[in-house]
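Contents: one structure, followed by commentary.
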Amino acid sequence: MENLKKSILLSIRNLHVYYYTPDGVVKAVSGVDLDVYHGEILALVGESGCGKTTLGYSILNLVPPPGRIVSGSIIFEGRDLTRLSRKELDEIRGKEITMIFQDPMASLNPVFRIGDQMIDVVVHKLRVDKAEARKIVLNALKAVRLPNPEEIMHRYPHELSGGMLQRVVIAMAISTKPKLVIADEPTTALDVTIQAAILKLLVELAREINTTVILITHNMGVVAEVADRVAVMYAGHIIEVGNVFDVFSKPLHPYTKGLLSCVPRVDIEVEALPTIGGDVPSLINPPPGCRFHPRCPYASEKCRREEPPMIEAEPDHFVKCWLYAKR
Amino acid sequence: MTYASAKLVMKELSRARIRKLKMELRYALILLKRSPLTLAGLIIIGTLSVIALICTIAPQILPYPEDIGSATHPELLHCPPSPEHPFGCDYLGRDVLTRVIYGTKISLYAGALVVLLGLSLGTLIGLIAGYVGGIVDDVLMRITDAFLSIPGLVLALAIAATLGRGLMNAIIALAVTWWPWYARLVRSCTLAVKNELFVLAARIMGARSIVIMLKHILPNALGPAIINATLDLGFAILALASLGFLGLGATPPTPEWGAMISEARKYLPNMWWEATFPGLMIFLAVLGFNLLGDGLRDLLDPKFRRGARVWRI
Amino acid sequence: MLAAYILKRVAWIFFVIFVVVTITYVLTMVIPANPALLWAGPHATKEQIEKAAKYLGLDKPPFERYLMYWRRFLTGDWGLSIHTKRPVLADLAKRIPATMELGLSAMIIAIALGVPLGILCGVRYETWVDHVLRIFSLAGVALPTFWLAIMMQLVFSYWLGILPSTGRIDPGLAPKTITGFYIIDSILTNNIPALISSLKHLVLPALALATGPLAIIVRVTRAAVLDVLSREHVKTLLVYGMPRRVILMKYIAKSAGLPVVTVIGLEFGYVLAGDFVVELVFDWPGLGRYAAEACLTLDYPAIMGTVIVVAIIYVVVNTLVDIVYAFLDPRIRY
């Protein structure tokens, strides 16, 4: 996307999010900086437990207990989301930023009709009357190409398949025309055969209404197919950010290289991340210095002692690694 | 599966059982540390058990041991609480404190007997239904469900009335209505265990059905039922007291709490102490078991956080 | 599909009634050494016992006796009460409205207080509100109903003197019978003194009867709310910034309310059982006192009759609850 207008929609600075569990403080996100541009599809990738989902929740300032945002700022259109009151946040949630979860079956209340749930959201978010909300919901259901949208509104969640439900959830997300949609592994719970279709639909619709998407995934194939930019997360840090083409053609961080080592071509879908030697580090007691150093073939003494800064190694291609520090 | 591997399975099983027991004990200790309410329950039950034990082996150390029976003290008729008789005296001049303490033994033993009988019957039916399956299972479970569709205490009332007054009859009446829950529980455990590797192993080793049922399935199916039965003791005590209150349980002069209240009711409102203290003891005993049960159920099976099964009058 | 389900449930009612009647038959005819002795009561004369033997058909073969028992059950001949000397069924019919008024009031109190308190507990999980209410509900379950009734009577009627101790209404104030429910009848006939008097008489027994079910409903609701609160669909509502009021009053209330509906039928059983002793203590002229007095005097036909009626009421109410639940919960598969 060379011609993308590069105005910043969301800007995360030095964000720390910790979970205070009985076993200790889990530092799920520690010192993350990230800019998200208007209208782009940004993929946030990493192994499970690296903090990517927590980062997604933080953007809505909805970190599940016992977690909370410890420090840092999340600037969304000039407002710092970490400093807003619950009431102000509730105004933004759903209307300007919304989120799609992994399991569509669990995301909808099983004892309410699909239409009623969607209408309720539209009524409260767009402040329109029920009849108007109904029209909006109907259009949204048509937009996600569900057959018989009228009938689907009368159905209960358990009466639809997972794929149809995820379309419903997407319809619900776009019905309020938000500026940012955070999609947390939106196709993982679905049948493999329909994953691509659902994902393409999401991206297509987002582009249509000029909505920005943060796509959280562990599937590199997905990233290559739909994203504009990619941010790689490892153990609570973002370690590499860049355009999809740049990152895939010339990965800089040893971890990213490892991730892509099994992907001969960017347009081939891979089931999961290839394994990299060593263990995923504990987020309660993360290793000092660069968090990847215990698994890194290039680790030096410096990597063990000092945390590397984010370095712009190539234009618009950032990496958090001492290998690229200007000496 | 070969004979040798079957044998290995059996050996591993006994080891696994011991490991599981150890882990459960550790859990229990953690629970007690975290939950003061459960600890309070344990203390109450412990104290009452000690009292019941003392009443069994050395009733003469009670303040007025002769008042357990039908002694009369005309000079003490309805005497209000005083330093000599902290809980006052009843319509025959008997010390209420002595009778209330002795009632602990009666209620605890009788409650245990109800639960034990109910558990035996329920285990038998549940085991047969679960193991044999098919039409036997269907018939037994329909009957069990029908019993569950009748309010148990009301049915117990009818049985007690037929058998006639008396503590033992009340115990039998309650036990007859008490089994369906255990039958269901044991059946579901039996079904879960029936196709486990070690049962298969025992079958390959040529064990007979009855042996498999008693030796291999029963110990595994019984665990949850025993835990439940123990925690149901509180409700059994409550139900027995209710029958006693309705005149269908223990007969005078037995100092059973419910029967004591039933007698004392005639002298209300003036002689309030005669009805108040036995009731407090029922409350304390049932509360103790409930506190303990609440904590244990939370620990052992989150499923129980939902419907609590309670009998009450 | 729903029709088939309802049909199945109604068939179940009949099966349970069959079982109940058979159990009472076994209790009456098979277990006692001489059924006529039980049936004629503890102080019966020789003639009365002979009459009872003839009535029960003790001279006939067992199977014929069983058929006779059924015929009498179906034609409404449930025997004479030893105590009141009137037909048991007529006695029972006369007392049902009083019991229903008391039982339903207790249920309404238990639900109206229990559900909101349970929601409060669940929402304020692990705060002092939750802890206090939990202790109260654990204590409520452990209280013997008959003792609680006596204590309430002692404190509020005898010591404080603010509420009447016994009866259903002050003498001479009873409203014209329309439904048999004094509260409804006095409203219908615009009889204010009767309404006040019957409400005053109702408070203590209804509260005593409601305490146990109230405690259980609080616990069940709390658990249900906690369960719902752990679900993903609540997260969806939060992500959409829905007003907390809507999340709580609409979505959580319905999701958590459904499991509560299932225990209401069960609770009704406790109310029916507790009703026996509460009516005895408060001298409430209903089924419960009739049965309790029958127990105390060993009025056998009256006991058996009440057991059958109570069992039928219980199974019918539970079936109704199940059917209502099937309507409310779209996930039910028949």
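The values are calculated or read from the model by the stated rules, or taken from the named source; none is laboratory data. As the structure is a prediction and not an experimental result, all values here were calculated from the model. Cβ placement follows ideal geometry from the backbone for every residue including glycine, while neighbour counts extend to all protein chains displayed. Heads up: the accessible areas ignore ligands, DNA and RNA and are worked out on the full protein's heavy atoms, side chains in. Shrake-Rupley method; radii C 1.70, N 1.55, O 1.52, S 1.80 Å.
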**Message:** So the check is Cβ under 7 Å with 6+ separation or different chains; which pairs have a first residue in the range A:73-99 that's within 14 Å of another protein chain (Cβ to nearest Cβ) and closer than 14 Å to A:L60 by Cβ and a second one that's acidic (D, E) and open to solvent by less than 30 Å² (accessible area, probe 1.4 Å)?
**Reply:** A:M99/A:D184
**Complete:** When restricted to C:S157, C:S197, C:S137, C:S186, the only residue open to solvent by less than 30 Å² (accessible area, probe 1.4 Å) and in contact with an Asp or Glu (Cβ under 6 Å, 6 or more places away or on another chain) is C:S197
**Message:** Please list, ordered by residue number, the helices (runs of 4 or more DSSP H) wholly in the range C:10-129 having 3 or more residues that are over 28 Å from B:V176 (Cβ atoms) and among the polar types (S, T, N, Q).
**Reply:** none
**Message:** Which of the numbered conditions does C:D227 fail, given that it passes all the others? Conditions: (1) of a type in the set (D, E); (2) in contact (Cβ under 8 Å) with a residue 60 or more places away in the chain; (3) open to solvent by 20 Å² or more (accessible area, probe 1.4 Å).
**Reply:** (2)
**Asked** Is there a residue being modelled with pLDDT of 90 or more, in a helix (DSSP H, G or I) and within 14 Å of another protein chain (Cβ to nearest Cβ) anywhere in the range B:107-126?
**Response** yes
**Request:** Taking the options B:I51, B:I43, name whichever one is farther than 30 Å from B:A207 by Cβ and either open to solvent by 100 Å² or more (accessible area, probe 1.4 Å) or of a type in the set (K, R) (or both).
**Result:** B:I43
**Request:** Tell me, please, whether a residue that is over 24 Å from C:F15 (Cβ atoms), out of contact with any Cys (no Cβ under 9 Å at 6 or more places or on another chain), outside any helix (DSSP H, G or I) and open to solvent by 30 Å² or more (accessible area, probe 1.4 Å) can be found in the range C:291-299.
**Result:** yes
**Residue match in the range C:23-44 (condition: away from chain B (no Cβ under 13 Å) and either charged (D, E, K, R) or open to solvent by 50 Å² or more (accessible area, probe 1.4 Å) (or both))** = yes
**Request:** Would you mind finding the one in B:V154, B:V139 that is within 14 Å of another protein chain (Cβ to nearest Cβ), of a type in the set (V, I, T) and surrounded by 24 or more Cβ atoms within 10 Å (Cβ to Cβ)?
**Result:** B:V154
**Request:** State whether the residues of the range A:130-149 include one that is facing chain C (nearest Cβ under 9 Å) and either more than 30 Å from A:K27 (Cβ to Cβ) or loosely packed, with under 15 Cβ neighbours inside 10 Å (or both).
**Result:** no
**Message:** Which numbered condition in (1) open to solvent by less than 50 Å² (accessible area, probe 1.4 Å); (2) at pLDDT 90 or above; (3) among the basic types (K, R) is the only one that C:R65 fails?
**Reply:** (2)
**Message:** For the range A:73-123, give me the residue count where each residue is polar (S, T, N, Q) and open to solvent by 30 Å² or more (accessible area, probe 1.4 Å).
**Reply:** 3
**Evaluation of C:G257 against (1) under 17 Å from B:S262 (Cβ atoms); (2) of a type outside the set (V, I, T); (3) open to solvent by 10 Å² or more (accessible area, probe 1.4 Å) (one fails), failing number** = (1)
**Request:** Quickly run through the range C:287-328 and pick out the residues that are under 12 Å from the mean Cα position of the chain (by Cα) and not aliphatic (A, V, I, L, M).
**Result:** C:G288, C:Y314, C:N318
**Within the range B:239-253, tally of residues that are facing another protein chain (nearest Cβ under 10 Å) and outside any loop (DSSP other than H, G, I, E, B)** = 6
**Asked** Could you count how many residues in the range A:216-244 are at pLDDT below 85 and among the polar types (S, T, N, Q)?
**Response** 1
**Message:** Checking the conditions here, which among C:I169, C:I192 is open to solvent by 50 Å² or more (accessible area, probe 1.4 Å), β-branched (V, I, T) and more than 25 Å from C:I252 (Cα to Cα)?
**Reply:** C:I192
**Message:** Condition check: assigned to a helix (DSSP H, G or I), within 13 Å of the chain's Cα centre (by Cα) and within 13 Å of chain C (Cβ to nearest Cβ). Does B:G293 satisfy that?
**Reply:** yes
**Prompt:** Any residue at all in the range A:245-255 that is at pLDDT below 85 and surrounded by fewer than 20 Cβ atoms within 10 Å (Cβ to Cβ)?
**Reply:** no
**Item:** Any chance C:Y270 is within 14 Å of chain A (Cβ to nearest Cβ), aromatic (F, W, Y) and assigned to a helix (DSSP H, G or I)
**Value:** no
**Candidate set: the range C:112-129, residues that are out of contact with any Leu (no Cβ under 8 Å at 6 or more places or on another chain) and modelled with pLDDT under 85; chosen: the one nearest to the other protein chains (Cβ to nearest Cβ)** = C:E126
**Request:** Could you please let me know if C:G241 is buried (at least 20 other Cβ atoms within 10 Å of the Cβ) and out of contact with any Pro (no Cβ under 8 Å at 6 or more places or on another chain)?
**Result:** yes
